[in-house]
Amino acid sequence: MTAFLNAGDALEIGGKKLTSRLFTGTGKYASDTMIPRIIEQSGSQVITVALRRVDFQSGTDNVMKHIPTSVTLLPNTSGARDADEAVRIARLARAAGCGNWIKIEVISDNTYLLPDGYETVKATGILANEGFVVLPYINPDLMVARALVNAGAAAVMPLGSPIGSNRGLMTREMIRILIDELEVPVIVDAGIGRPSQACEAMEMGAAACLVNTAIASAADPVAMAMAFGEAVRAGRRAFLAGPGAEREKASASSPLTGFLYQEAR
Amino acid sequence: MGFYDVYKQWEQKDVDGLLKSVTSDDVLRTLAKTRLHEQDYLTLLAPAAQEHLEAMAQRAHDQTVAQFGKTVVLYTPMYLSNYCVNHCLYCGFNARNNISRKHLDAGEVEEEARRISETGLKHILILTGESRTWASMDYLKTCVAILSRYFTSIAIEIYPLETQEYRELITAGVDAMTLYQETYNEALYDRLHVKGPKKNYRFRLDAPERACEARMRSVNIGALLGLYKGRHESFYTGLHAWYLQKHYPEVDISVSFPRMRPHTGSFNPDYPVDDVNLVQAITALRLFMPRAGITMSTRENAEFRNQILPLGVTRMSAGSTTVVGGHTQKNQDTGQFDISDERTVDQMALSLSSLGYQPVFKDWQAIKA
């Protein structure tokens, strides 16, 4: 078991082995200059960035300058309203040198920012065929998730609660079903507001967590990044350690079957 | 049913009376809700809500940071033409005003674009007066083709178009539109717009919906504050935004709160909106529509813009001029109105950073097929 706690427990996606199971983001920071310290303190090895925000020509306002080259870039299709737009953004990202990982976000409802499962499946099929490592952001819906796996998704990224809400694992039971049923990694994305919630997701068996708003909106984002890194590690260790079963009552003795063993004692 | 029907329904309800009937307890109950509806929005715009302005402001700030982070998207306006056929009593471009009229040719548009892009801005807002002769669809498409080489987001603030025309401009590279209804009060609108195509209240009112129908990515609306009672105008602006978001959930809906500024002509606003009322309007809108963008232009002065930044603002203009060709040319007598915040883009970016906000130069990537 100890082997799993170290390099042997790497998360494999798209041919890469990740020893950190915390994915981070680049949005909502008061300054992009925080990003290197967020990466360093959290240990995160994957960072998502909205292509809409990247200005490759700018010498000053370019978020990419702040992302260490050792980190795997996960461009996302923020702003896409349908599969066609997501596909075009993904191709632009790859052409701009952002690699072949893509987080598909297709959002056609700006009030709740909930992902559009149908369009996401369409985009996933097209991009997986083009050689992208596709990580789609979804509602934790088993049928959509299965369709995504069939379409070639490398992992699925179900939301814990609405994006940016910091409300935690409101969709806990649905995520549990995905973890039980899918053969691809389940990465909890969106809604995680506290390190304890990330820890819980990992204890449940999530492969990783993506956390952005909870870190960016903290009073001390760097310290919060460190806390999330520790929480995700703790949750993963707990999952591997095999948590004991939950009971509703204390069970120090065996009131119903204890008589069977009285003579033997 | 379009937004006009919603407007008509509320007009029959005596909005003045409803605003006056709101109590302090009503406001507290509303502030305790997690999701607000039309009546709640009206409650937050009522005079009784002013004693709770700090609580509204704090919640608006929290909502904004949660939704948008500590970021502000920057853009600048580029006036292409001030020829206008309308006779609107309050506007500096009024066809009857004796001002210099100018229209940028393709070379001048390119020069303006080059100069503005040197500041790092990627979002541009192009404006024209209403003249299908001087600002024709072909002219606009030519300008957009030039601007696409310098900017990743091109917004229009021009006369209202038909749905098909919006589609054509989207195909050309436009992704956002701004259109102010000026006043939602239909009778006053008729009096203020003496002559010209702008006299058609319904055609203007329905234009944002036509843009949504055409799949514009972002639609920004507002009323020109000062023409009529501020609470009314804010209420109908918010209702209009709410209506658009409900019917076109895929569109980014945003709202501006432009207060009237001095300009050529002698029109003085009958209903000036003071700072307290403006803050109430901004915070109420943020609580009503947590995801809506809120734009604050350089009509407001630097100090006030700095102060209201945390209350819900998500977009600001910088390095602004309302003069046709004003980014490159010396002739400064063609402006629509005087601006109040004359900070350059660099100064604006530094100011935002010092206030703990990230100035965002690029928040959209053109994805033409």
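Applying both filters, DSSP loop and at most 15 other Cβ atoms within 10 Å, to the trypsin sites (Lys or Arg not before Pro) of the range B:246-312 eliminates every site. Residues whose amide H falls under 5 Å from that of B:THR178, counting only those 5 or more places apart or on a different chain, are B:ILE156, B:GLU157, B:ILE158, B:ASN220, with hydrogens built in the peptide plane.
Using DSSP, restrict attention to beta bridges with both residues in the protein assembly as shown and report what percent are antiparallel, rounded to the nearest 5. Walk me through the intermediate numbers first.
Working: 7 of 66 bridges.
If we restrict to bridges inside the protein assembly as shown, about 10 percent are antiparallel.
Per residue, the protein assembly as shown exposes an accessible area of 41 Å² to a 1.4 Å probe, with every protein chain left in place.
The fraction of accessible area contributed by carbon and sulfur in the range A:74-193 is 51 percent, rounded to a whole number (1.4 Å probe; ligands and nucleic acids excluded).
Taking chain A as a Gaussian network, Cα atoms linked when under 10 Å apart, which of A:ALA86, A:ALA95, A:ALA154 shows the biggest mean-square fluctuation? Ranking A:ALA86, A:ALA95, A:ALA154 by mean-square fluctuation puts A:ALA95 first. Taking +1 at the Cβ of each Lys and Arg and -1 at the Cβ of each Asp and Glu, which of A:TYR29, B:ASN98, B:LEU188 sits farthest along the dipole of the protein assembly as shown towards its positive end, judged by Cα position relative to the Cα centre? Positive-end residue among those listed: A:TYR29.
With all protein chains present, how much of the accessible area of chain B (probe radius 1.4 Å) comes from carbon and sulfur, to the nearest whole percent? Spell out each step's value before the answer.
Working: 6760 of 13780 Å².
Carbon and sulfur: 49 percent of the exposed surface of chain B.
Once the C-beta distance of A:PHE56 and B:GLN12 is scaled by a Förster radius of 45 Å, the resulting FRET efficiency is 0.25 to the nearest 0.05.
Taking the range B:216-300, which chymotrypsin sites (Phe, Trp or Tyr not before Pro) meet the DSSP loop condition and have no more than 14 other C-beta atoms within 10 Å? Listed in order of number, the matching sites amount to none.
Can you list the lysines whose alpha carbon is less than 26 Å from that of B:LYS199, not counting same-chain residues fewer than 8 positions off? Partners found: B:LYS8, B:LYS13, B:LYS102, B:LYS141, B:LYS229. DSSP bridge analysis restricted to the range A:51-204 gives an antiparallel fraction near 10%, rounded to the nearest 5. For the chain pair A and B, the interface hides roughly 2600 square angstrom of accessible area in total, found with a 1.4 Å probe.
Pairwise Cα separations in chain A fall into 10 Å bins from 0 onward with the following percentages, short to long: 7, 30, 35, 17, 5, 4, 2, 1, 0. Distant-in-sequence amide contacts of B:GLY325, defined by a placed amide H-H separation under 5 Å and a gap of 5 or more residues or a different chain, comprise B:TYR79. Mind checking the range B:88-176 for GluC sites (Glu not before Pro) that DSSP puts in a loop (not H, G, I, E or B) and that have at most 13 other Cβ atoms within 10 Å? Qualifying residues, ordered by number: B:GLU118, B:GLU162. For chain B, the spread of Cα coordinates along the three principal axes comes to 60, 46, 42 Å, biggest extent given first. Using heavy atoms of the protein chains and a probe of 1.4 Å, the accessible area assigned to B:SER354 is about 100 Å². Among A:GLY131, A:GLY160, A:GLY15, the largest mean-square fluctuation in a Gaussian network model of chain A, built with springs joining Cα atoms closer than 10 Å, belongs to A:GLY15. Centroid-to-centroid, using Cα positions, the range B:1-36 and the range A:70-96 are 42 Å apart.
Could you name the lysines in cross-link range of A:LYS122, using Cα to Cα under 18 Å and dropping any fewer than eight places away on the same chain? List returned: A:LYS103. Which of the residues in the range B:267-313 lose at least 20 Å² of accessible area when you go from the chain alone to all protein chains together (probe 1.4 Å)? In the range B:267-313, residues shielded by partner chains: B:ARG291.
Please give me the summed charge of the neighbours of A:ALA231: other residues whose Cβ is under 13 Å from its Cβ, Lys and Arg +1, Asp and Glu -1. Local net charge: +2. Quick one: check the C-alpha center-to-center distance for the range A:26-59 versus the range B:171-201, whole angstrom. The distance from the Cα centre of the range A:26-59 to that of the range B:171-201 comes to 41 Å. When B:GLU250, B:GLU342, A:GLU246 are compared by accessible surface with a 1.4 Å probe, the order from highest to lowest is A:GLU246, B:GLU342, B:GLU250. By the Cβ distance rule (another cysteine Cβ under 4.7 Å), the unpaired cysteines of chain B are B:CYS84, B:CYS143, B:CYS212.
Taking chymotrypsin sites (Phe, Trp or Tyr not before Pro) in DSSP loop states with no more than 15 other Cβ atoms inside 10 Å as exposed sites, chain A has its longest site-free stretch at A:113-265.
Defining a contact as two alpha carbons under 8 Å apart and six or more residues distant in sequence, what relative contact order in percent does chain B show? Relative contact order of chain B: 24 percent. Taking amide H atoms as placed 1.01 Å from N in the peptide plane, the amide H of B:GLY293 lies under 5 Å from those of B:ILE253, B:SER254, B:VAL255, each 5 or more residues away in sequence or on another chain. A loss of 50 Å² or more of accessible area (1.4 Å probe, protein heavy atoms, ligands and nucleic acids excluded) relative to the isolated chain is seen in these residues of the range B:64-83: B:ALA66.
DSSP finds beta bridges in the range B:64-360, and of those with both partners inside it, around 10 percent are antiparallel. The string of couplings for the range B:270-280 from the Karplus curve (6.51, -1.76, 1.60, θ = phi - 60°) is 7, 10, x, 9, 7, 4, 4, 5, 5, 4, 4 Hz, one whole number per residue in order, with x for Gly and Pro.
Suppose we compare each residue of the range A:27-73 in its chain alone and in the full protein complex with a 1.4 Å probe; which ones drop by at least 10 Å² of accessible area? Buried by the other chains: A:LYS28, A:TYR29, A:ALA30, A:ASP32, A:LEU51, A:ARG52, A:ARG53, A:VAL54, A:ASP55, A:GLN57, A:ASP61.
Counting, for every residue in B:244-250, the Cβ atoms of other protein chains within 10 Å of its Cβ and taking the mean gives 3. Computed over neighbours whose Cβ is under 14 Å from that of A:MET202, the net charge equals +2, Lys and Arg +1, Asp and Glu -1. According to the calculation over all Cα-Cα pairs in the range B:109-199, the P(r) per 5 Å bin from zero is 3, 12, 22, 21, 16, 12, 8, 5, 1, 0 %.
Sequence-distant contacts, meaning Cα pairs under 8 Å at least 6 residues apart, place the relative contact order of the range B:99-160 at 47 percent.
If only the Cβ of Lys and Arg carry +1 and only the Cβ of Asp and Glu carry -1, the dipole of the range B:64-360 around its Cα centre is close to 300 debye.
The values are calculated or read from the model by the stated rules, or taken from the named source; none is laboratory data. It should be emphasised that the depicted structure is a prediction, and the values quoted were computed from it without experimental measurement. Methodologically, a virtual Cβ is constructed for each residue, glycine included, from the backbone with ideal geometry; neighbour enumeration extends over all protein chains shown. Each accessible area value is taken on the protein alone, full model and side chains, heavy atoms only, with ligands, DNA and RNA left out. Shrake-Rupley method; radii C 1.70, N 1.55, O 1.52, S 1.80 Å.
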